[in-house]
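Peer 1: Okay, handing you the structure first.
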Amino acid sequence: MATITDPPKGAFRLSMLINDTRYRSLTFQFIALFLLIALFAYLGSNLVANLRAAGLNISYEFLGEPAGYDINQTLIEYDSQSSHWRAAVAGVLNTLLVAFLACLTATILGTIAGVLRLSNNWLVRKLMAIYVEAFRNVPVLIWIIIIFTIMTAVLPAPRAFRGDEPEASMLFGAFAFTNRGVYTPLPIFGPGSSVVIAVFIASIVGVFAYRRYATKLLYDTGRLLPMGWPSLAILFVPTLLIYFILGRPIGLEYPELRGFNFSGGIQIRGSLIALWFALAIYTGAFIAENVRAGIQAISKGQTEAAASLGLRPGRIMNLVILPQALRVIIPPLISNYLNITKNSSLAIAVGYMDITGTLGGITLNQTGRAIETILLLMLFYLVISLGISALMNVYNNAVKLKER
Amino acid sequence: MKKSVFLGTLTVAGIAAGVAGAATLDDVKARGTLNCGVTTGLVGFAAPNANGEWEGFDVAVCRAVAAAVLGDASAVEFVPTTGKTRFTALASGEIDMLARNTTWTFSRDVDLKFEFTGINYYDGQGFMIPRELGVSSALELAGATVCIQTGTTTELNLADFFRSNNMEYEPVPIETNAEAQQQYLAGACDVYTTDASGLAATRATFEDPGAHVILPEIISKEPLGPLVRHGDNDWGDIVRWTLNALIAAEEYGITSANIGELTAGTDNPEINRILGTEGNLGEMLGLDAEWAVRAISANGNYGEIFAKNIGESTPIGLARGLNAQWTDGGLLYSPPFR
């Protein structure tokens, strides 16, 4: 007797939508989707109706009007006559700048702290544990304010540098640490400097080429070429030679106390430093834990096997453990980068003009377009975050375990 | 802060319809308290005293309105707002009125859909700088680092002032007056700019107020006044005429001391109309006849409020100047009560 595997092919009846398991899940999904759409439609129409009742309208025309306010740190040309849109872009660039700096620093800090937390040295291990616990468990806003307050309270004001016997003096005559920020020399590119830069870039390519050649030689013949000093030599010697042959085309502009402030050189503002460091050390603590988790996920047998092959501890870490640990470390690292970017919106606490400060702050206030600016703000953060995710996923795919 | 803006926006979206139709007066009466937006703390204008009670020049306006409407000057819920959150708080209905050194401008009145109910302080933007820097004019400020409260008209005035005088400057945006004070005293900025009254109030709290000068230039007109939302004219009228009652009371010599005997009836019909012994002005407002009596009794008339909170006998020490009665050469001029 044959068992019936297929249900009888009858005509489709409406009750099958509920009773037939083939259609039931679809039916409920469709109902859920419909309800969701209805909910959003209701919220949307409610918003539109209420805005109309209040005499407000959704319009982005204000983006083209002059902003009227100044921004202290801008990476693009901007003055108070530029449009609100340009102010928003200047804000986005400031957000990206601090996010990039903080991500970089947090990664370095976190990796070092994470590796050192597993150190055999009791003192180092405990110190790193204290770092992680102290910074991870205090809100980042508090850290931002602490660092900023320490900077403004401890460092001298620019006017302390004035006079015949100033209370404060510049480091090496080139760096000024003030409570308004750090002033460093600015490189001035004279004629011929492009040649020097071209040579330097060529040297970087050269270093990679040398390292590739050395690896190939190692695999082919087993000969181990020295890595450290030839890389350094390739990197610097040609550039320095060209630099002096061309008669030092790249000069330095030193910061100088003029009027109320230092002028000339590069000013790294206190607000940027506070935000950057606070985000870096705070998120660094989280990354340290990721790194530790990643390393501990690699079984001890790997270390022992590598050691039995005669590898030194440093090489075991670099060649055996870390490459495998990375696939565990990268995914949570992405979310830490996203956290840095989003936490940078706390910038206004120290007066750093990021996108929340310009578009979501002054522009919102001066135009009163709360809904429009907040929507635009959300869109900006969404795009930035998705962009970071996409980039990091490309990297993750490159380092993850390749299964064939 | 960011959260409050965002929540405010959501509330705007959610509550706007309720706001447009409903009468604020009925809401306030039903609630039994007046929600009044004030600064987060500016001594003399609005700040909690040692007992935690709010007091100040702007606070007195809130109390007068509460006294007129609810009969109890202490039935006020004070909502501290920053320069950035104040308009969202008002638009969303979180507060019934805003009395927070807010400058009456065209775009705030017309575009942001608010209704300014009068001017309780004629102000202008000034600069404060440490005396040791030896600056005597705002035109010598080229290259200076300037602390400003963000989200105010001052940052726009500042940009205009430096641009029109072809001077460079470095703005340091700051969220509240307290933070600005800290930055300024640490020397992180050379100059602090805000309304001249605010500068005087801030300077009064310094350890050594004499070490700081307020520069003579006043770079803008800053008429400060209480405001309400567009669309509820009855409520706007109540706030407007409460303020006018305080101003007119000074003009006609009605003080908190003599108001008791004046309510018995006087020869001056205008005073009688204000105090409700003649005519039915209170009824027209939707209040009872003694509304103005209570408003004036709460903190005294405009002159008394000024003298008590920011006048020359207080640490803030502001002269009446433009804020004197029109009969004394000032700008205060209440329309007639009739």
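The values are calculated or read from the model by the stated rules, or taken from the named source; none is laboratory data. The structure displayed is predicted, hence computed values, not measured ones. A quick note on method: Cβ atoms are made from the backbone with ideal geometry, for glycine too, and the neighbour counts reach across all protein chains shown. Side chains are part of the model used for accessible areas, which takes the heavy atoms of the whole protein and leaves out ligands, DNA and RNA. Shrake-Rupley method; radii C 1.70, N 1.55, O 1.52, S 1.80 Å.
Peer 1: Can you list which of the DSSP-assigned H helices in chain A have a Cα extent of 27 Å or more along the long axis and an average Kyte-Doolittle score of at least 0.0? Kindly include the intermediate steps, with their values, before the conclusion.
Peer 2: Details: long enough: A:21-53 (48 Å, 1.02); A:84-116 (47 Å, 1.64); A:193-221 (41 Å, 1.05); A:270-296 (38 Å, 1.11); A:322-343 (30 Å, 0.42); A:370-399 (43 Å, 1.66).
Going by DSSP H runs, the hits are A:21-53, A:84-116, A:193-221, A:270-296, A:322-343, A:370-399.
Peer 1: Quick one: grab the alpha carbon gyration tensor of region A:186-253, order the square roots of its eigenvalues as a ≥ b ≥ c, and give me rounded if a/c is under 1.5, else prolate or oblate depending on whether a/b is larger than b/c.
Peer 2: prolate
Peer 1: List, in the order given, every pair from A:LYS126/A:LYS400; B:LYS29/B:LYS221; A:LYS342/B:LYS221; A:LYS342/A:LYS402; A:LYS126/A:LYS300; A:LYS342/A:LYS400 whose Cα-Cα distance in the structure shown is over 29 Å.
Peer 2: A:LYS126/A:LYS400; B:LYS29/B:LYS221; A:LYS342/B:LYS221; A:LYS342/A:LYS402
Peer 1: Could you tell me whether the protein assembly as shown comes out rounded, prolate or oblate from its Cα gyration tensor? Rule is a ≥ b ≥ c as square roots of the eigenvalues, rounded for a/c under 1.5, then prolate if a/b exceeds b/c, otherwise oblate.
Peer 2: Note, shape of the protein assembly as shown comes out oblate.
Peer 1: Per-residue Cβ counts within 10 Å, from other chains only, averaged over B:182-191: what number is that?
Peer 2: Per residue, the average neighbour count from other chains is 6.
Peer 1: Give the distance, in whole Å, between the Cα centre of region A:286-309 and the Cα centre of region B:213-238.
Peer 2: 66 Å
Peer 1: While we're on this one: Nearest 100 Å² is fine: what is the total accessible surface buried where chains A and B meet, probe 1.4 Å?
Peer 2: 3600 Å²
Peer 1: Just checking the output field for A:357-363: average partner chain Cβ neighbours within 10 Å of each residue's Cβ?
Peer 2: Mean shielding count: 4.
Peer 1: Let me check against my output: what whole-number percent is the relative contact order of region A:186-253, with C-alpha pairs under 8 Å and at least 6 apart?
Peer 2: Dividing the mean separation by the residue count of region A:186-253 yields 59 percent.
Peer 1: Region A:260-274 to region B:61-100: how many Å between their Cα centroids?
Peer 2: Each part reduced to its Cα centre gives a spacing of 41 Å.
Peer 1: Okay, next question. Given the options A:ASP79, A:ASP20, A:ASP354, state which has the largest fluctuation in a GNM of chain A using a 10 Å cut-off (strictly under) for Cα springs.
Peer 2: Largest GNM mean-square fluctuation: A:ASP20.
Peer 1: Hey, another quick one. Quick one: grab the alpha carbon gyration tensor of region B:50-94, order the square roots of its eigenvalues as a ≥ b ≥ c, and give me rounded if a/c is under 1.5, else prolate or oblate depending on whether a/b is larger than b/c.
Peer 2: oblate
Peer 1: Related question: Ignoring ligands and nucleic acids, what accessible area does B:THR154 show with a 1.4 Å probe (Å², nearest 10)?
Peer 2: Taking all protein chains as shown, B:THR154 has close to 10 Å².
Peer 1: So, one more: If you average the alpha carbon positions of region B:287-304 and of region A:132-176, how far apart do those two centres end up, in angstrom?
Peer 2: The distance from the Cα centre of region B:287-304 to that of region A:132-176 comes to 52 Å.
Peer 1: So what's the angle, to the nearest 10 degrees on a 0 to 90 scale, between helix B:2-21 and the longest Cα principal axis of chain B?
Peer 2: Once rounded, the angle reads 30 degrees.
Peer 1: For chain A, what is the calculated [θ] at 222 nm in deg cm²/dmol (nearest 500), taking -39500 (n - 2.57) for each run of four or more DSSP H residues and dividing by its residue count?
Peer 2: -20500 deg cm²/dmol
Peer 1: Let me check the size of region B:207-297 from its C-alpha atoms; what are the radius of gyration and Dmax in Å?
Peer 2: In order Rg, Dmax, the Cα atoms of region B:207-297 give 18.2, 55 Å.
Peer 1: Separate question: Translational diffusion coefficient of chain A at 20 °C, 1.002 mPa s, Stokes-Einstein with Kirkwood Rh over Cα pairs, in µm²/s as a whole number.
Peer 2: For these conditions, the coefficient is 80 µm²/s.
Peer 1: Here is a further query. Report the antiparallel proportion of the DSSP beta bridges in the protein assembly as shown as a percent, rounded to a multiple of 5.
Peer 2: 70 percent
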